[in-house]
Structure formats: C-alpha cells, structure tokens
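J.: So that we are looking at the same thing, I have put the structure below in structure tokens.
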Amino acid sequence: MSARPTVRHGDVLIVAEGAARLTWARVGAARWRPISLWPTRDEQAEIAAHVDAGAPLLVVLAEMPTIVPLFPEELLDAPDELVQLATFTGYLSELNIPFLGWLPPQLRSRGQHFFEQTRSGMKALPRELRPPLLLEDPPAHGLGHVRFARWLRSGHPPIDDLIPAADRVFTGGCS
C-alpha cells in the first residue's frame, strides 16, 4: 500500500514529497495502519549530510497541504507522532503531513515558494495541456544541487520513472 518516497541513482537522491512519505503496515487481509512518517531522524541526518556534501537532491512536490483521510480505528495503534498530526472529524480523521518538514528552513521556504508559483501559473492552463512535471529554474545563488519539481498528475509521482528526469537535471544527459 505504501509507495516508496525515495530512490537513489548514483549520487542523485530523488524524494517524493507528499502522501508517499506515510508508511503503512498490513494488519489483516484487507486492513492497513500507518506506522511512521518518512524520514526518521537518522534518515533526516543522512539527507542533511547528502546536501551538505553538495550531492544532487531532486524533491518532487505533489500536493500541499498533504492530508490523508483515515478511519479513526486506523490510528488506534499508530505511533503518537502520527496521532498528533491527526484531526478527528467524526467518521473520518485527517492526517496532516508537514509539507517539506524534513528540510532546513531555507530549502523549505524555497520549495513552498516554487509550489505556490506553479500553482498560480497552472490554473490558466487546461489540465489536458499541462506537462506531467514542472522543474524549478536553477537558483541564482547557493544550493543549486538541490532542485524542486512539481508533479502535476494525480496520485504519487512514479519515483523510479523520474530517474531520467533527475539525470537530465543534474548531468544534462539521459540514463
């Protein structure tokens, strides 16, 4: 049920921001429950080291805010950190995943700005004419090895299918 939120391709790390960050575990034949939110503290430290080393990072933004509807019983055995993100509205609860909460403030702000900029720019274009992926222009200064892209199709970005796009962004070639 869980889509993988990251893929590595050489030294490039690709991350899908959004509902793919929620990890699920099967608890029955047709029952699932959320068990964690990517990244863990250790994974977050690895990402920080990756960025600090100047290694390429492509963050693919799907939606903002990211709200995952759940039945309250799906949260009964969920970890406290997930329950704290939930709002209970009766028959359903809503789990609010912090948008780019795993990035340092400067990059989080840049990603949010890119998202808002592309949201307003895409409203005038019919859905059928929108490309599947929009790419942020390289920043004028600092952290050019971190780039944001916007997934414009429904559902999770197909993380493995984005490898050629990341390759093109960071090396100018195709894999």
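Coordinate-derived values only; no laboratory data. Remember, it's a predicted structure, so these values are computed and weren't measured experimentally. Here Cβ is always computed from backbone atoms with ideal geometry, including for glycine, and neighbour counts include all displayed protein chains.
So that you can scan it fast, the table gives a plain yes or no per residue for (1) surrounded by fewer than 18 Cβ atoms within 10 Å (Cβ to Cβ); (2) not in a strand (DSSP E or B):
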{"position": "ARG8", "(1), (2)": "yes, no"}
{"position": "ILE14", "(1), (2)": "no, no"}
{"position": "ALA20", "(1), (2)": "no, yes"}
{"position": "ALA25", "(1), (2)": "yes, no"}
{"position": "PRO34", "(1), (2)": "no, no"}
{"position": "ASP42", "(1), (2)": "yes, yes"}
{"position": "ALA45", "(1), (2)": "yes, yes"}
{"position": "HIS50", "(1), (2)": "no, yes"}
{"position": "LEU58", "(1), (2)": "no, no"}
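J.: Among (1) surrounded by 12 or more Cβ atoms within 10 Å (Cβ to Cβ); (2) within 19 Å of VAL146 (Cα to Cα); (3) not small (Gly, Ala, Ser), where does LEU95 come up short?
T.: (2)
Yes/no per residue for (1) over 21 Å from the mean Cα position of the chain (by Cα); (2) part of a helix (DSSP H, G or I):
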{"residue": "GLU74", "(1), (2)": "yes, yes"}
{"residue": "GLY101", "(1), (2)": "no, no"}
{"residue": "SER109", "(1), (2)": "no, yes"}
{"residue": "GLN112", "(1), (2)": "no, yes"}
{"residue": "THR118", "(1), (2)": "no, yes"}
{"residue": "PRO131", "(1), (2)": "no, no"}
{"residue": "LEU134", "(1), (2)": "no, no"}
{"residue": "ASP137", "(1), (2)": "no, no"}
{"residue": "HIS141", "(1), (2)": "yes, no"}
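J.: List the pairs whose first member sits in segment 103-131 and is at negative phi and of a type in the set (D, E, K, R), whose second member is assigned to a helix (DSSP H, G or I) and surrounded by 11 or more Cβ atoms within 10 Å (Cβ to Cβ), and whose Cβ atoms are under 8 Å apart, counting only residues at least 6 apart or on separate chains?
T.: ARG130/MET122
J.: Looking at (1) closer than 11 Å to LEU61 by Cα; (2) without any contact (Cβ under 8 Å) to a residue 24 or more places away in the chain; (3) not acidic (Asp, Glu), can you tell me which one PRO157 breaks?
T.: Failing condition for PRO157: (2).
J.: Condition check: within 24 Å of LEU135 (Cα to Cα), touching a Gly at 6+ places or on another chain (Cβ under 7 Å) and surrounded by 12 or more Cβ atoms within 10 Å (Cβ to Cβ). Does GLU63 satisfy that?
T.: yes
J.: How many residues does segment 138-154 contain that are surrounded by fewer than 18 Cβ atoms within 10 Å (Cβ to Cβ) and either touching a strand residue (DSSP E or B) at 6+ places or on another chain (Cβ under 9 Å) or in contact (Cβ under 8 Å) with a residue 60 or more places away in the chain (or both)?
T.: So the count comes out to 5.
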